[in-house]
Structures are given as C-alpha cells and as structure tokens.
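One structure is given here, and the rest of the page talks about it.
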Amino acid sequence: MDLALDRDDNVEKRGVRSSMKILKKDAYVVAAAPAFVFLSVYFYEWGRFSFYKVPPLFLSLPTTRVLVAGVAIAVFFITMFSFLRGIILRMRGAGKLSSVLSAFLATYLLFGFPLALISVSYKALLSTFVLPVVLVVLGELGALFDRIHVKSANKGAAAPTEDSAVAEDPLAEPGGVAFLSLYGLFLIFCFGNGQERMIRGNVCLGERIVVATYGDQLILKGFNKVSGEIDESVHFHPLAATEVKACRPSIVGGGGYHGLP
C-alpha cells in the first residue's frame, strides 16, 4: 500500500515538473517573440538598404510598419519552419530515395535558398545548388562508412536497439532554436535585398530614387544612367511640399551574390 502511494506521488511530481518546464519554455517564447519580430523587420529593411547602398544608420521603423511587417513575417516563418520540420522528420525511417531527396531539400532551404534570393545572374543562381549537393553527398558517405564500421564491429553480436533520443525533435532543442533564429534573420535580410532586386518599379524625385523616409526627410540615391550602377553617396530632401513620380529605372544594386569564385 505504501509503495503504491509512493509511486503515485512520484508520478504526480514528475507531471508537475514536466508542466513547469512547458510553462517555462512558453514564457521564454512569449518574452522573446516581440524582440525577434522587431529584429526581423530591422533585418528586412537592412536588406533593402543594402541594395541601395544606404548605411543601416538611417533606418527608421515606425510602429505601424513593425506591426504589419511583423505579422507577415511571423506567418511566413511559422509556415516555413513547419515545412522544414516536416522534411527533417520525414528523413527518418523513409525509403532511401525519399530520405536523400528530403535531405537535399532541407539543405538547400538552409544554405542555398537565401543566396538564390540575392543572386545577380543565372550563373550565380545555379551555383547555389553546389553546396547542398556536396553536403548531402558527404553525409551519405559518412553514413555509409558508419554502417560498415558498425557492421564489422558488431559481427556476430545482437543488433543494437534504437535509442529513444533519436526520436527527439531536433528543432526543439536550444541549439536548434538558436540556429534557426539566426538563419531566419539572415533569410529576412536576403528577402529584403532580393525584393528590391526583382521589382521593376520605383518612386523617383527628379533623377534620383526615393529609398525611404528618415524623419521629415526623403532618402535619395542617384544612379548612373548608362550602367545603372547606384551611387555611393546618400542624399536627403525635405518631405514637405515634395512631388514624386513613379519610375522604372534599370539599376544595379549592391549586396548581391555573384556565385562561386
């Protein structure tokens, strides 16, 4: 009777400790979410400014822009990370071909896709597939050598049981969360730069492009009409009583990926 009561108490204590861990983790997420949203919007604007060769010193983030962009970024990342998590989990226990394809897709999303967003040419875009292919091949060779080593070491011995730790979600670990957060900020930076690289319309004041507003000033950038190269200098113009117009200049910005050397 006493043993049964002790077991019930131990189960109850473990349940309480588990619930406290979950609540503690949720509290960390809630506390870190506003900071991550602000950083995400900042890195997005920084990516835009890098295309126009404007220092991030002149970044201005109004509250409305942070809120609207923050919601859009949060929805995007929840979708993308859920997709990435599904790919990683699918790699376990799947057929060989499915496992290799899933590994390549996950690797490309992590190491190739951000560079594809800021590629300056088709050659640079094609080169973004090189590193993921190399990493997948090295991973498969490493797994093959491990299986050969284990088979030779355990010849005649009983097959090892699968460790339950392998079934844990890698993206739920602190290291995985930190890596994905840094990766997410870099991806957002590339999105900001890549968006300006792909759009075919701007707002101009005279012969200069309007990049953004800084207080009551417009941030302007000039460009070479022949080569399209954006100038290094940054110009400002009072916002009051200013007339701007839509324009479609052919420009070459900065911060792009030029491919492998």
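FYI, it's all coordinate maths here, none of it is from the lab. Every value quoted in this text rests on a predicted model; they were computed, and no experiment measured them. Here the Cβ positions follow ideal geometry from the backbone for every residue, glycine too, while neighbour counts run over all protein chains shown.
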Once you place label points 7 Å from the Cα toward the Cβ at residue 83 and residue 65, how far apart are they in nm? 2.7 nm
At a 10 Å Cβ-Cβ cut-off, how would you order 87, 73, fewest neighbours first? 87, 73
Sites residue 144 and residue 98 - FRET efficiency at Förster radius 25 Å, r taken between beta-carbons, to 0.05: 0.90
Nearest-0.05 FRET efficiency for residue 129 and residue 203, computed from C-beta distance (R0 22 Å): 0.05
Hey, which of these cross-link pairs are over 20 Å Cα-Cα: 53/225; 53/221; 123/221; 53/245? 123/221; 53/245
Note: residue 38 to residue 248 extended length (0.36 nm per residue) minus current alpha-carbon separation gives 72.5 nm
Simple spin-label model, 7 Å along Cα-to-Cβ: residue 240 to residue 226 in nm? 4.1 nm
